[in-house]
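Novice: Take a look at this one; I'll ask things after.
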Amino acid sequence: MSSKILEIENLTVSFDGFKAINNLNFSMDEGELRVVIGPNGAGKTTFMDIITGKTKPTEGTVTFKGRNLRPYKEYQIARMGIGRKFQTPRVYQKLTPRQNLELSCAQHKNVFSSLLGRSAPGERRTVGGLLETVGLVAKADIPAELLSHGEKQRLEIGMLVAQSPDLLLVDEPVAGLTDEETENVGSLLLALAESHSIMVIEHDMEFVRQIAKKVTVLHQGSVLCEGTMDEVQNDPRVIEVYLGHQEDE
Ligand code: ADP
Ligand code: MG
């Protein structure tokens, strides 16, 4: 049996009495790529806010690599190895992709430099490798503001990976992207999934089908069902609350 990277038990979050997360139970294996879907307002972003420590649960526990996260602040949780990518890219526009990645690697190095004592050439190789991974070698030295939205998303995913997180949380990475860019981001996440545990929140069904192995459907702050894409798509409860609604549009 594989070990759990994340375990969430009986989680509830109330905002003035409204339960955005309602007695939610969830777990993810080390090395897994999990997609979390659900209609607007289901609690997906709040769920990520709790895992990262941005929001504290009203009840219940989040356990990451066997440690209860309750006592830790957001920056401490990030250092423990949970990296988060927000919906809108947060890259330095005036810097090049190479410089953006160098900064992320340097930040990581500051924390561990005395332990690892990495040399500069080693770092450059790392940045070069990241540029290849995110498919931005050809655009490595132009200002990031000239990148397309999809390229910026990939760059930011690269910046996240530069910090060597054990668990990557990615919130709606393909919102507003063209079909081609969506597919590129999907391929990138699949490549990263070979060596990382990743949770992706997403709305775009085409994209979910491209990357998903196991899907968790959230509804009204709880897990409605879990399974393969085919299983959840054919679940009458899911059709009712989510997919059925989409077909009406
Ligand atoms: P999703 O990402 O699935 O669309 P959210 O997690 O953003 O859903 O929101 C879930 C519910 O919780 C929504 O009804 C939202 O209005 C509510 N909510 C989220 N954050 C807050 C907050 N800080 N205060 C009050 N209500 C909130
Ligand atoms: Mg959201």
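Novice: Diagonalise the Cα gyration tensor of the chain and give the resulting equivalent ellipsoid semi-axes, square root of 5 times each eigenvalue, largest first, whole Å.
Specialist: Semi-axes (√(5λ), whole Å): 31, 23, 15.
Novice: Set the Förster radius R0 to 30 Å, insert the Cβ-Cβ distance between residue 187 and residue 95 as r into 1/(1 + (r/R0)^6), and round the FRET efficiency to 0.05.
Specialist: Working from the Cβ atoms, E equals 0.75.
Novice: Give me the percent of DSSP beta bridges within the chain that run antiparallel, rounded to the nearest 5.
Specialist: So the antiparallel bridges amount to about 55 percent of the total.
Novice: Using modelled amide H (1.01 Å from N, peptide plane; none on Pro or chain starts), what sits under 5 Å from the amide H of residue 225, excluding residues fewer than 5 places away?
Specialist: Those qualifying (amide H under 5 Å, at least 5 residues apart or on another chain) are 217.
Novice: A further question follows. Quick one: length gained pulling residue 88 to residue 239 fully straight, 0.36 nm per residue minus the C-alpha distance?
Specialist: The span from residue 88 to residue 239 would gain 51.5 nm if fully extended.
Novice: Carbon and sulfur together cover what percent of the accessible area of segment 1-115 at a 1.4 Å probe radius? All intermediate terms of the calculation are to be shown ahead of the outcome.
Specialist: On the way: 2870 of 6000 Å².
Taking all protein chains in place, segment 1-115 shows 48 percent carbon and sulfur surface.
Novice: I would also like to ask the following. Give a residue-ordered list of calculated ³J(HN,Hα) values for segment 79-92 (Karplus: 6.51 cos²θ - 1.76 cosθ + 1.60, θ = phi - 60°; whole Hz; x for Gly, Pro).
Specialist: In residue order, the calculated couplings are 5, 5, x, 10, x, 10, 10, 6, 5, 8, x, 10, 9, 7 Hz.
Novice: Measuring with a 1.4 Å probe in the full set of protein chains, what accessible area per residue, in whole Å², belongs to the chain?
Specialist: Value returned for the chain: 50 Å² of accessible area per residue.
Novice: Under 30 Å Cα to Cα from residue 65, which lysines show up? Leave out anything in the same chain fewer than 8 places away.
Specialist: Straight-distance partners of residue 65: 4, 19, 44, 54, 56, 73, 85, 109, 213, 214.
Novice: Follow-up. What FRET efficiency comes out for residue 141 versus residue 107 if R0 is 22 angstrom and r is the Cβ-Cβ distance? Round to the nearest 0.05.
Specialist: According to the calculation, E is roughly 0.60.
Novice: Okay, moving on. When only C-alpha pairs under 8 Å and at least 6 residues apart count, what is the relative contact order of the chain, in percent?
Specialist: Answer for the chain is 27 percent.
Novice: Using a simple charge model, +1 on the beta-carbon of Lys and Arg, -1 on the beta-carbon of Asp and Glu, nothing else, what dipole does the chain show about its Cα centre, in debye to the nearest 20?
Specialist: Value, rounded to 20: 1480 debye.
Novice: Excluding residues fewer than 8 places away in the same chain, name every one of the lysines whose C-alpha is closer than 19 Å to that of residue 139.
Specialist: Within the straight-line cut-off, residue 139 pairs with 94, 152.
Novice: Right, something else. Using label points projected 7 Å from each Cα along Cα→Cβ, tell me how many nm separate residue 59 and residue 213, to one decimal.
Specialist: Each label point lies 7 Å from its Cα, and together they span 3.4 nm.
Novice: Between residue 195 and residue 80, what FRET efficiency follows from the Cβ-Cβ distance if R0 is 22 Å, with the result rounded to 0.05?
Specialist: The pair residue 195/residue 80 has a calculated efficiency of 0.75.
Novice: Which residues' amide hydrogens lie under 5 Å from the amide hydrogen of residue 22, considering only partners 5 or more residues apart or on another chain, with H built in the peptide plane?
Specialist: Here 13, 222 satisfy the definition.
The values are calculated or read from the model by the stated rules, or taken from the named source; none is laboratory data. Every value quoted in this text rests on a predicted model; they were computed, and no experiment measured them. Please note: Cβ atoms are built from the backbone with ideal geometry, for glycine as well, and neighbour counts cover all protein chains shown. Surface areas here come from the heavy atoms of the whole protein model, side chains and all, with no ligands, DNA or RNA. Shrake-Rupley method; radii C 1.70, N 1.55, O 1.52, S 1.80 Å.
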